[in-house]
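The values are calculated or read from the model by the stated rules, or taken from the named source; none is laboratory data. Computed from a predicted model, the values in this text were never measured in an experiment. Using ideal geometry, Cβ is built from the backbone for each residue, glycine included, and neighbour counts are taken over all protein chains shown. Remember, those area values only see protein heavy atoms, side chains included, never the ligands or the DNA or RNA. Shrake-Rupley method; radii C 1.70, N 1.55, O 1.52, S 1.80 Å.
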Amino acid sequence: MRGRSSVGRALQSHCRGQGFEPRRTRPDLEPFDPDEPEAPAEPLRRAATPDLGLLARLELALRDDRIDVHLQPVVSLPSRRILHYEALSRLIENEVVTEAAGFMDVAAAAGRLAEIDRRALERAAGVALRLAASGRTGSVFVNIAPSTLSDDAAVAAIRATLDRQSECARLVVLELRQAEFEQLDAVQRAALDGFRERGVRLSMDRTADLRLEPRELAQKGVRFVKVAAERLLDPDAVRGASIHPADLAGLLARHGIDLVATNVEEERTVPEL
C-alpha cells in the first residue's frame, strides 16, 4: 500500500485457507464464481493414478480444460481487508486437486508452461472483470514463466486478450520471481514491454536480495515487490542491504511500489511485521 506510515497498513500478506473454491460437481460448471459464499477449504491431495504418468495426466487435463485457477486473497495487516487476489493454477482430476508445485516441473520439461500460463491469464482476466463489475476493488496476480515470454504464440494470444478487453490490463498483474526477472533476455523483456504498453503492471516475487533499486524497478514497470515475512524479520537481511527492512515499505512507496509480505504462517508474526 502506498505512502502509508503505519507498518500494519504498509505490509500485506497471503492468508491461507481463504479464497474462492470452484465447485466441481459437474465438469461444465464455470471455474469461478466470486459471488458464491465461500466454503471451508479442503486439504489439497496429490492425485494418484498409477496407470498414467503425470505428463499423460497433464496432457489429458489440458485437452479437457481441467487446469483450473484458484483465487487466494492478498490482505492488509492487521485488518485483513482483501486488497488483491492471486491466481494459482491447479490440476483437477475427479474431485481431486493437485497444486501447481506438483506438476509445473513436468509441464516445464514438456514445454507446456506457455499453454498453462496463457489459460491462467485468460481466466484471471475474466474473473477480474467480474470482480470489478461487482464493485470489488483490487487486482489479480498471475504468475508467468520466462519461457512463456519467449513463446511467440503465447505472447500474441495474451496481447489479443488484453486488446480485446482493455480493462483487463488495469486489473491483471503479471508476476515473476526475482531471480527470473533479473535474467530476462532481450526477447522476454520486449514481450513484457508490450504488455506494459497496454497498462499491465508487474510484480517481483520471492525477493531474497533486498539490495533493491526502487527507481530502476519502477522504470521497468514493477509496482509490487513480494518478500517473505521471515526474510523481512531476519536480522541477517540487513547485511549488505542499502536500507533496513523496517524502512523498505516506505522507500518502495516513494517510487510507487507496494511491499507485500508473504508466507505469514503464524498469528504472532502479524504484530512483529
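Taking θ as phi - 60°, what are the ³J(HN,Hα) couplings along segment 217-231 by the Karplus curve (6.51, -1.76, 1.60), each to the nearest whole Hz, with x for Gly and Pro?
4, 4, 5, 8, x, 6, 10, 9, 10, 9, 10, 4, 4, 4, 5
Top to bottom by accessible area (1.4 Å), largest first, where do Ile82, Ile116 land? The partial results should precede the final answer.
Numbers: Ile82 55, Ile116 0 Å².
Largest accessible area first, the residues go Ile82, Ile116.
Using the Karplus equation 6.51 cos²θ - 1.76 cosθ + 1.60 (θ = phi - 60°), what ³J(HN,Hα) coupling, rounded to whole Hz, does each residue of segment 260-273 give in order, writing x for Gly and Pro?
The phi angles translate into 10, 8, 10, 6, 7, 8, 10, 4, 5, 5, 4, x, 5, 5 Hz.
With no solvent and one equal point scatterer placed on each C-alpha of segment 118-273, evaluate the Debye formula and give log10 I(q)/I(0) for q = 0.09, 0.16, 0.17 Å⁻¹, two decimals.
For the requested q values the scattering log ratios are -0.32, -0.93, -1.02.
I want the antiparallel fraction of DSSP beta bridges within segment 65-223, as a percent rounded to 5.
50
Using θ = phi - 60° and the Karplus relation 6.51 cos²θ - 1.76 cosθ + 1.60, list the HN-Hα couplings for segment 159-173 in order, rounded to whole Hz, with x at every Gly or Pro.
Running phi through 6.51 cos²θ - 1.76 cosθ + 1.60 with θ = phi - 60° gives 4, 4, 4, 5, 6, 6, 10, 4, 5, 4, 4, 6, 9, 9, 10 Hz.
How much accessible surface area, in Å² rounded to 10, belongs to the heavy atoms of His255 with a 1.4 Å probe?
His255 exposes around 50 Å² with every protein chain in place.
Rank Val69, Ser79, Leu113 by how far each Cα sits towards the positive end of the charge dipole of segment 53-153 (+1 on Lys, Arg Cβ; -1 on Asp, Glu Cβ) and give me just the farthest.
Going by the Cα projections, it comes out as Ser79.
Go through segment 117-225 and name the GluC sites (Glu not before Pro) that are in a DSSP coil and have 10 or fewer other Cβ atoms within 10 Å of their Cβ.
Values: sites: Glu122, Glu167, Glu175, Glu180, Glu182, Glu197, Glu216; in loops: Glu167, Glu182.
Sites meeting the loop and neighbour criteria: Glu182.
Relative to 2.2 N^0.38 Å, what does the C-alpha radius of gyration of segment 178-250 come to as a ratio? Two decimals please.
Working: Rg = 13.4 Å, N = 73, 2.2 N^0.38 = 11.2 Å.
With N residues counted in segment 178-250, Rg over 2.2 N^0.38 Å equals 1.20.
Report, by chain and number, residues whose modeled amide H sits under 5 Å from the one on Ala228, excluding near sequence neighbours (fewer than 5 apart, same chain).
Residues meeting the criterion, in which the H sits 1.01 Å from N, are Thr207, Thr262.
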